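Report on the following structure.
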Amino acid sequence: MTFKCHTKIEIIHADSNNLVSFPNFSLDYDNLTNYWHGKFKTAVPSLRVLSVFSNRVMKMPSTALRCTDELRELVITKNSFHEIDLQTFYKLNTLKMSSIFRYYQITKPHSHSKLLTASIEHLMLQNLSFGMFPTDLGMFEGLHHLKSLDLSYSNLPFSPMASKKVFKSLSNLTKLSLQFVEITYLSWSRFGYLKYLEEIDFSNNRIFISGKLSVPSAILSLKSLDISNNAYYCSCEILSFFEELSFNNVTIKHYPEAYICTSPRSMAGKSVGDCECKQHLETIVYTILITVLFECAFAIIAYKSRYRIRYLIHISRSRNSWKVRKKTTQPLLFDGFVIYSEPDKTWLYEIFLPFLEKQHGYK
């Protein structure tokens, strides 16, 4: 696939053909007269999107994208690469590829970090293997603008330390897809660094999901969750987990048809949605009734003892007020304060006050 003339084309889809070599975008690639100031004359100066999905391309040399300065999205999944230069992709905004690091001869294997730049936002690296070079764990460092990451079909390290190394710098990631990566345990703590995740896809793994589950508070913006085609111990706790997600406006992908129970034996082959939780519902109702009755009883006791409670509050405040006044040097205006009821008003003014103030000199 070669170009012999200048074109303003912006998008090329060359998918599902029989390409055995990467397209040549240089005008007269072998003619040195077109090599100006260290740069070959390009046939596609406006090319932004290139897809050569499902071909038979075998090599990806460092010069492959030399004449595509404006290229930002590249799709090269399902090809037959035997050699690939990782530094080829440093200008891209979106990259979709597969089987890198697994079967190919990699040129400059210690420069994996140069595969990507901080500007990349969408990345699909399916069938990725971290087994060849331990330094690959840090290949996503510095990708602070990355929004979506697809590592499906990959051989990923899932120890807590390795997960921290892989995901910690992806602070703005909103979409994560990990299909067919043989996850066996759903540990949210491994993804606690990804606070802005909106879409999570852990489908088609070997996760055994049982007991009470909850979405971690660290993931604040979850809108879509796919954990279909895993193993489920169907119970009321699992059902309440999905109900809680729905209540919080989280879309559960492929629910309930792709959530088939593996245990207990009585539920094997049935959908999670088929769980009968009448007993669970009765427990909730009884709990609510007991709570309401307790609150009513407390309110009645508080109402009947309201004067006693007010009196205790008044005594407490009086003691605190007396302690404060005791520390001051200002003279007191009165010797006492009389609390009285309205029916006692006549006796108070005609007998009690004269007795205190006139006979004994109190103010």
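The values are calculated or read from the model by the stated rules, or taken from the named source; none is laboratory data. What you see is a predicted model, and the numbers here were worked out from it, not measured in a lab. Using ideal geometry, Cβ is built from the backbone for each residue, glycine included, and neighbour counts are taken over all protein chains shown. The area values use the complete protein model at the heavy-atom level, side chains included, leaving out ligands, DNA and RNA. Shrake-Rupley method; radii C 1.70, N 1.55, O 1.52, S 1.80 Å.
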Step through the residues of region 331-338 one at a time and calculate ³J(HN,Hα) from phi using the Karplus curve (6.51 cos²θ - 1.76 cosθ + 1.60, θ = phi - 60°), rounding each to whole Hz and writing x for Gly and Pro. x, 7, 7, 10, 8, x, 9, 10
Would you please give the residues with an amide H less than 5 Å from that of MET60, counting only those at least 5 places away or on a separate chain, with H modeled from the backbone geometry? GLU83, ILE84, ASP85
Computed ³J(HN,Hα) along region 12-25: with the Karplus parameters 6.51/-1.76/1.60, θ = phi - 60°, integer Hz and x for glycine or proline, the list is 10, 10, 10, 6, 6, 10, 10, 5, 10, 9, 5, x, 9, 9
THR291 - accessible surface, heavy atoms, 1.4 Å probe, Å² rounded to 10: 70
Links exceeding 29 Å between C-alpha atoms in this model, out of LYS78/LYS253; LYS168/LYS253; LYS147/LYS253; LYS96/LYS270; LYS147/LYS270, come to LYS96/LYS270; LYS147/LYS270
Long-range amide H partners of ILE207 with built H, under 5 Å: ALA231
Quick query: amide H of THR251 versus all other amide H atoms, modeled in the peptide plane; which residues come in under 5 Å with a sequence gap of 5 or more or a different chain? SER224, LEU225
If R0 = 35 Å, then TYR303 and LYS363, at their Cβ-Cβ distance, give a FRET efficiency to the nearest 0.05 of 0.40
R0 = 45 Å: FRET efficiency of LEU348 with ILE290, Cβ-based, nearest 0.05? 0.40
Show HIS254, HIS13 ordered by accessible area, largest first, where the area counts protein heavy atoms only and the probe is 1.4 Å. HIS13, HIS254
